[in-house]
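A.B. asks: Take a look at the following structure, please.
Please treat every number below as a calculation from the coordinates, not as lab data. Note that the structure is predicted; figures quoted are calculated from it, not measured. Here Cβ is always computed from backbone atoms with ideal geometry, including for glycine, and neighbour counts include all displayed protein chains.
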Amino acid sequence: MYVDFPSVWRYFKDYISASGGGVFELKKALDWSVWYAAKWWREVREAGAANLKNPFVKALYTALRARGIIDDEGRVKKEVSRPEMPKGLYAR
């Protein structure tokens, strides 16, 4: 999981309840965020626009670097597979 359960429950209790599937639906929604970040990073790199002065690019780099998906030079070192779609409409 991304963080420990008590902190997730404390801050996202209403979202978890509304998602219809509990914490597993929340995890699926978070997995989509990671998948999109990796997808956008790949597109930014391929376009030659990986300038860390751009706030969007820097946010992608920082998030993916912290999760170990890219290395210091921005090369993808861990592939992220397309996650399962959440069942709850709110989580989607």
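A.B. asks: Before rounding to the nearest 500, sum -39500 (n - 2.57) across all DSSP H runs of length at least 4 in the chain and divide by the residue total; then give [θ] at 222 nm in deg cm²/dmol. Working shown, then result.
C.D. replies: Numbers: 3 runs with 50 residues, N = 92.
-18000 deg cm²/dmol, from helical runs alone.
A.B. asks: Say we join alpha carbon atoms closer than 10 Å with springs in a Gaussian network model of the chain; which of LEU64, LEU26, LEU52 then has the biggest fluctuation?
C.D. replies: Among LEU64, LEU26, LEU52, the largest GNM mean-square fluctuation belongs to LEU52.
A.B. asks: Using a Förster radius of 35 Å, what is the FRET efficiency between LEU52 and SER81 based on their Cβ-Cβ separation? Nearest 0.05, please. Don't skip to the answer; put the middle values down first.
C.D. replies: Numbers: r = 26 Å, r/R0 = 0.75.
Efficiency computed from Cβ-Cβ geometry: 0.85.
A.B. asks: Still on this structure, please answer the following. Using only the alpha-carbon atoms, what does the range 6-92 span along each of its principal axes? Please give whole angstrom values in decreasing order.
C.D. replies: That works out to 41, 23, 20 Å along the principal axes.
A.B. asks: Compute the relative contact order of the chain as a whole-number percentage, counting only Cα pairs closer than 8 Å that sit 6 or more residues apart in sequence.
C.D. replies: Details: 80 pairs, mean separation 32.4, N = 92.
So the answer I get is 35 percent.
A.B. asks: Shifting gears a bit: So how many Lys-Lys pairs in the chain land under 28 Å Cα to Cα, not counting same-chain pairs under 8 apart?
C.D. replies: 23
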